[in-house]
Amino acid sequence: MTASPDDEAPRWLEPWSLDEGADRARALFGEHFGGEPDAIVSAPGRLTIVGDHTDYSEGLTLATVTAARTFVAVRRREDQALRVVTAQGDAVRGPGARWEGALDALSPGDDGWPSRVAGVIWALEERGYPVTGLDLAIDSCLPPSAGLGSSAALTASVAHACEAAWGLALDTEAGAIELAEACWEAENSYVGFPCGRLDTHTVLRCQDGEAVLLDFAEVPPALTHYPLYFPDYGLRLLLVDTGARDPGWREAYSRRSRDASLAAATLGVPSLRALADEPGALARVRDIADPTVHRRARHIVTEDQRVRETVAELAGLGPAHDRFTEIGALMLTSHRSLRSDFGASTPELDIAVEAAMEAGALGARLAGAGFGGCAVALVRTTQLDQVARAVDAVFDTYAIPRPRYLLV
């Protein structure tokens with residue numbers, strides 16, 4: 001991943017091309033394992049346009065994928081051995097750059113990045129697929145811990161690698177759903193992290209240049225494709241990577257998932273999505289006595305409505321300027337809800353959102369689960385550099401390290 005060399009200019013991150021990513025994974029493979037891989041595959045990151053912390057309440061999300069991707073070179077083995085190396089070993093939680101294990105010794109638990117690799121293989125074996133040992137080399141230009149689904153990009157690219165090495169013939173829409181469910185099981189059942197299905201189904205089922213509406217009331221989630229034509233109208237989604245997330249973000253995420261379940265149980269509904277589909281949903285939310293649980297439920301119910309309104313604007317026939325302005329306003333309202341009701345923002349994310357809006361962005365919000373990482377702003381293409389420089393200037397004012405920028 002490269003950034004602008006000019007210390008005074010915004011630090012732009014340039015995603016690798018597919019060829020460059022493949023070359024990097026191939027070189028890493030040769031360095032550690034020798035010879036050539038059987039295949040090189042990749043998977044993108046996930047960017048939520050609107051609709052965060054709704055998937056585990058059977059809600060709605062509108063999401064897309066990033067140009068930044070994770071690449072995996074793979075070679076099948078005829079024994080039980082698993083040998084895995086990652087170029088990101090120093091930047092992600094785990095034992096370092098290399099891990100070795102065996103198929104018959106896989107044991108659920110969270111040991112950092114190797115558990116997500118092992119979890120995918122375990123989940124596919126649990127689903128009845130014939131498995132063998134593998135050599136895997138992983139490299140990525142996707143910023144880790146940035147709220148862009150880097151863990152899902154890892155598990156999805158490993159799933160693609162297993163598919164290629166074992167000849168699973170899952171290169172269909174049904175196959176993508178199968179792999180997405182296996183990756184979700186790896187995260188939930190093997191690693192033990194109670195995430196929803198947003199990330200895995202987005203990175204494995206969304207195509208470049210489109211947005212997908214995911215409806216988590218069904219399992220697997222129903223998915224509707226929409227053209228993401230912002231660039232056709234002179235707009236881009238500007239990602240502002242504010243830096244590493246709060247080290248306690250996983251526990252904070254888990255607490256909010258538990259709060260959502262408690263809210264549904266308090267109101268006697270199977271999920272907050274069921275409540276959101278009822279007339280007078282917010283009036284019922286006000287009946288929750290616990291103020292924290294009340295705020296969590298209010299965010300989820302109103303966020304589902306914001307997704308509906310955003311999709312209506314994206315698919316609408318009115319003047320483009322009016323529709324995009326409304327989408328921007330919905331993004332900003334989403335951020336305020338995530339900040340005030342869900343407690344998922346940080347000072348850096350708030351500063352990035354406010355600075356981008358003051359510099360002319362149509363809308364801005366934190367990206368993904370929050371607790372650090374990226375903000376995303378809807379910006380006119382002609383104003384991208386202006387907005388980035390304005391955000392940098394405000395970060396300088398607060399003596400905060402400047403962010404990095406990425407386009408979608």
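The values are calculated or read from the model by the stated rules, or taken from the named source; none is laboratory data. All figures in this text were calculated on a predicted structure; none of them were measured in a lab. Ideal geometry is used to build each Cβ from the backbone, glycine not excepted, and the neighbour counts take in all protein chains shown. Each accessible area value is taken on the protein alone, full model and side chains, heavy atoms only, with ligands, DNA and RNA left out. Shrake-Rupley method; radii C 1.70, N 1.55, O 1.52, S 1.80 Å.
Observations on the model:
- Net charge over other residues, Cβ less than 15 angstrom from the Cβ of P319 (K, R count +1; D, E count -1): -3
- The stretch 204-282 shape via C-alpha gyration tensor axes, a/c threshold 1.5: oblate
- Heavy-atom surface analysis with a 1.4 Å probe gives the chain a carbon and sulfur content of 50 percent of its accessible area.
- Heavy atoms of the protein chains alone define the surface here; on that basis the chain has 38 Å² accessible area per residue at 1.4 Å probe size.
- From the coordinates shown, volume of the Cα convex hull per residue in Å³ corresponds to which of (1) 156; (2) 138; (3) 129: (2)
- Our helix-only sum for the chain, with -39,500 (n - 2.57) per DSSP H run of n ≥ 4 divided by its residues, gives a mean residue ellipticity at 222 nm of -13500 deg cm²/dmol.
- Seen from Q88, the other residues with C-beta closer than 14 Å to its C-beta sum to a net charge of +3, counting Lys and Arg as +1 and Asp and Glu as -1.
- Dipole moment magnitude, nearest 20 debye, the chain about Cα centre, only Lys, Arg, Asp, Glu C-beta charged: 800 debye
- Calculated P(r) tail over 16 Å for the stretch 247-350, as whole % of Cα pairs: 61 percent
- Restriction of the GluC sites (Glu not before Pro) in the stretch 317-365 to DSSP coil positions whose beta-carbon has at most 13 other beta-carbons within 10 angstrom yields no sites.
- Using bins of 5 Å that start at zero, the share of Cα-Cα pairs per bin across the stretch 13-65 amounts to 4, 16, 17, 14, 11, 10, 10, 11, 6, 1, in whole %.
- Relative to the longest principal axis of the Cα atoms of the chain, helix 113-126 runs at roughly 80 degrees.
- Alpha carbon centroid spacing (whole Å) that separates the stretch 291-338 from the stretch 204-263: 13 Å
- The calculated P(r) of the stretch 95-206, using every Cα pair and 5 Å bins from 0, goes 2, 12, 25, 28, 21, 10, 2, 0 in percent.
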